[in-house]
DNA sequence: CCTACCGATCGGTAGG
DNA sequence: CCTACCGATCGGTAGG
């Protein structure tokens, strides 16, 4: 059910998806959905909280025990890019329907996102101070890097010429270039 | 009315916006909207066709009469980035609700988009052949460049530290770095 | 898991 | 531009 909702939300958006369509995809009647959820909103909340919590956890695991700041940024962007190639639907829903999430979940999700963005920008700041990156505007560089990764969800195909891992490797390299690695 | 629809579509999406909300923003009743449109879909079509046609025109004007391939890519990304900073709402709607556009407008919009993407990738290919860019995968580089610009619409603020022009200049510089300008 | 059904709201029309 | 109103569909509930 989570999976059916995910597919439809990614395809048509939260408001563009009717519960009847989710039920139909599962071969059951609409009211039967309420044996598993309390409201349509629950499905959106599940997708958004699981995904953003996963992003934050990925980040922490990626940089754990790594000292070199260039390597930390490289690993952080690699796992972020990888997630967007491997979990396209989740990424599309997060970026499209975050405004339709009700409180308090919305604040929780936005705070996790903000933590992640600040962490990436922090790495770029560190790298600049250490003379490893040449891009002076770390805010701009951080947005550029993050959003470039997010966009992978919009074009990546499993049957395309590059695997998710290959794309992730390439993007972590592009990220370093955006930061102006020297 | 176009403007009211644009604001609401950008904020809540096409399916998340009711005609009654558009009418309310204009201080009139819902049925009065039908003196100006035939259907809600007309509003979406107007936003999407105007915007994508504008993107394509911007591109052509930007590269017209410019021979150097690096300069062509720089100018093309500059106008594309500039549009995303100056017309945030339009960009958000295009990227969010293109799937909700009905035929034949949908095909028209997708073809214009594709032409633009191919043009950008073509410039990168040219640059690589001429030994001006070092990124071997032009498809990946083109996606990276284009989507980085698109994302400006998601974070740019008129009252932020950088003007639209400054952001556009910076992004055209980042684009050259993504292509691996040598 | 189902049938039967609820009030609310949707996009849109009739008629002025 | 309005009031009055349409059928369809929405998310959700009652009751089994």
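The values are calculated or read from the model by the stated rules, or taken from the named source; none is laboratory data. Only a predicted model underlies this, so the values are computations on that prediction, with no experimental measurement involved. Here the Cβ positions follow ideal geometry from the backbone for every residue, glycine too, while neighbour counts run over all protein chains shown.
Would it be correct to say that residue B:145 is under 21 Å from residue A:145 (Cα atoms), within 13 Å of another protein chain (Cβ to nearest Cβ), touching a helix residue (DSSP H, G or I) at 6+ places or on another chain (Cβ under 7 Å) and in a helix (DSSP H, G or I)? Considered against the rule, which asks whether it is under 21 Å from residue A:145 (Cα atoms), within 13 Å of another protein chain (Cβ to nearest Cβ), touching a helix residue (DSSP H, G or I) at 6+ places or on another chain (Cβ under 7 Å) and in a helix (DSSP H, G or I), residue B:145 comes out as yes. Annotation: residue A:57 fulfils all but one of (1) farther than 20 Å from residue A:153 by Cα; (2) loosely packed, with under 15 Cβ neighbours inside 10 Å; (3) modelled with pLDDT of 95 or more; the unmet one is (1). In this entry, residue B:83 is excluded by the filter for residues that are surrounded by fewer than 21 Cβ atoms within 10 Å (Cβ to Cβ) and closer than 19 Å to residue B:153 by Cα.
Yes or no: region A:129-136 includes at least one residue that is more than 12 Å from chain B (Cβ to nearest Cβ) and either part of a helix (DSSP H, G or I) or within 16 Å of DNA strand C (Cβ to nearest atom) (or both). Yes - at least one qualifying residue is present in region A:129-136.
Considering (1) under 20 Å from residue B:147 (Cβ atoms); (2) outside any loop (DSSP other than H, G, I, E, B), the lone condition that residue A:157 does not fulfil carries the number (2). Checked against (1) surrounded by fewer than 17 Cβ atoms within 10 Å (Cβ to Cβ); (2) within 12 Å of chain B (Cβ to nearest Cβ); (3) more than 20 Å from residue A:79 (Cα to Cα), residue A:140 passes all but condition (1).
Quick check on residue B:54: is it within 16 Å of DNA strand C (Cβ to nearest atom), free of Cβ contacts under 8 Å to residues at least 60 places away in the same chain and touching a helix residue (DSSP H, G or I) at 6+ places or on another chain (Cβ under 9 Å)? In short, no. So in region A:30-40, with the set limited to residues that are closer than 30 Å to residue B:41 by Cα and in a helix (DSSP H, G or I), which one is farthest from the other protein chains (Cβ to nearest Cβ)? Only one residue tops the list, namely A:30. Residues that are facing chain B (nearest Cβ under 10 Å) and surrounded by fewer than 22 Cβ atoms within 10 Å (Cβ to Cβ) within region A:154-175 comprise A:154, A:155, A:156, A:160, A:161, A:162, A:166, A:170, A:173, listed in sequence order. Kindly establish whether residue A:62 is without any contact (Cβ under 8 Å) to a residue 60 or more places away in the chain, part of a helix (DSSP H, G or I) and within 13 Å of DNA strand D (Cβ to nearest atom). No.
For region A:12-29, the tally of residues that are within 12 Å of chain B (Cβ to nearest Cβ), without any contact (Cβ under 8 Å) to a residue 12 or more places away in the chain and within 7 Å of DNA strand D (Cβ to nearest atom) stands at 1.
Assess whether residue B:43 counts as being under 21 Å from the mean Cα position of the chain (by Cα), within 14 Å of chain A (Cβ to nearest Cβ) and either away from DNA strand D (no atom under 14 Å from the Cβ) or surrounded by 14 or more Cβ atoms within 10 Å (Cβ to Cβ) (or both). Taking the combined requirement at face value, the residue does not satisfy it. Considering only residues that are more than 15 Å from residue B:152 (Cβ to Cβ) and part of a loop (DSSP other than H, G, I, E, B), which ones fall in region B:86-108? Residues satisfying the conditions are B:101, B:102, B:103, B:104.
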